[in-house]
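Working notes, beginning with the structure itself.
Any read-out appearing in this document is the output of simple, stated calculations on the displayed coordinates, not a laboratory observation. Note that the structure is predicted; figures quoted are calculated from it, not measured. Cβ atoms come from the backbone with ideal geometry, glycine included; neighbour counts cover every protein chain shown.
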Amino acid sequence: MSTHVSKSVNGQRQPGVIGAWFKSGTPWIWMNAGAISIAMIAVAGLLGLILVRGMSQFWPAPVYQIEVGTNGSSRTIIAEFVESETIPSEQVPDFE
């Protein structure tokens with residue numbers, strides 16, 4: 001195994017290959033570019049999320065009109081469909 005040993009010139013220690021690379025500033029430029037890229041992707045994602053969630057206010061779900069009644073009297077219900085539930089027939093009261 002060979003190891004890179006820093007040489008000394010005029011009594012001062014010279015940086016190795018990696019130390020010289022860090023002193024050149026190149027890694028800091030790449031890390032800065034990476035951080036800015038991540039920030040830009042996060043901002044674009046957040047704007048996309050706001051756009052998707054916000055646009056639903058301008059395009060609401062379909063509206064249904066239902067007539068419910070017994071013994072000749074009826075009521076009209078107008079609403080958006082939100083959820084459905086299955087109820088066993090034993091729990092439903094008889095409308096006679």
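Between residue 33 and residue 47, the simple label model (points 7 Å from Cα in the Cβ direction) yields a spacing of 2.2 nm. Here the stretch 56-96 yields Rg over Rh of 1.10, to two decimals, using C-alpha coordinates and the Kirkwood radius.
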